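The values are calculated or read from the model by the stated rules, or taken from the named source; none is laboratory data. Small disclaimer: the values here were computed from a predicted structure and weren't measured. When we count neighbours, we look across all protein chains shown, and the Cβ atoms used for this are built from the backbone with ideal geometry, even at glycine.
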Amino acid sequence: PSLGSPPPPVRKCPSAAGRTSRASAPVRLSAPETPLGRAPSGAEAKMAEGANGAGPRGCRDRGGLGGRGRGKMAGLSSVPLQMVFCLSGVCHTFYFLATLLLLVYKSQVFSYPQPHLILDLALLLATGVLEAAGLYFGTKGNLTEAEGPLAVSLLLTGGTALISTYFLCWQTLVLRADAALGATRLALHSLEAILQVVTIAAF
């Protein structure tokens with residue numbers, strides 16, 4: 001070189017530690033981390049735990065309490081049973097009034113013993129109370145999907161069915177109107193009991 005030109009740059013040789021770190025750096029970058037590799041730091045562990053616990057979007061709505069409640073309400077309440085309850089309420093009102101009028105008619109036209117008349121009126125009043133209570137517990141159990149109220153309603157339905165059988169077969173005077181009313185009421189009670197058993201089994 002001439003005297004006026006700048007000196008050439010001096011190239012420094014890397015140390016052994018630098019060569020080792022640079023040579024191993026691409027290996028660390030290219031090799032994926034495995035559970036057998038280095039232990040994750042505290043921040044990385046928290047981030048991984050949060051990602052695993054969060055799950056996909058909408059998972060909380062589908063699997064949470066609200067999701068289970070919506071799925072349950074959508075599939076278990078019995079619409080036919082609720083319709084039978086409404087029909088039974090209307091038919092029971094008609095049955096109660098018609099049977100009461102028939103008792104008054106029979107007591108005036110026929111020779112109706114006074115103790116038997118009192119017994120029939122007491123049983124008619126009892127079946128009115130039992131029917132009202134059965135409809136209340138049945139409707140409540142069906143709408144809230146609870147087995148207890150439906151079971152109580154089923155027992156009350158059995159009691160009213162027994163009283164209806166008495167008015168159909170064993171009262172002092174049984175007219176054709178009594179037979180028609182009693183048969184219709186027993187058929188409705190049978191349908192109601194079957195639907196209640198099916199609904200309780202579904203719950």
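Numbers for the structure displayed
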{"item": "Top-ranked residue in the range 72-105 [being of a type in the set (Ser, Thr, Tyr) and not in a helix (DSSP H, G or I); ranked as farthest from the chain's Cα centre (by Cα)]", "result": "SER78"}
{"item": "Close pairs (6 angstrom Cβ cut-off, 6 or more residues apart or separate chains): under 13 Å from PHE137 (Cβ atoms) in the range 153-166, part of a helix (DSSP H, G or I) and polar (S, T, N, Q) anywhere", "result": "LEU154/GLN196; THR160/THR127"}
{"item": "Residue among LEU150, LEU155, LEU121 that is part of a helix (DSSP H, G or I), closer than 16 Å to THR93 by Cα and either at pLDDT below 95 or among the hydrophobic types (A, V, I, L, M, F, W, C) (or both)", "result": "LEU121"}
{"item": "Qualifying position, being among the polar types (S, T, N, Q), surrounded by fewer than 18 Cβ atoms within 10 Å (Cβ to Cβ) and either in contact with a strand residue (DSSP E or B) (Cβ under 6 Å, 6 or more places away or on another chain) or part of a helix (DSSP H, G or I) (or both), among GLN196, GLN108", "result": "GLN108"}
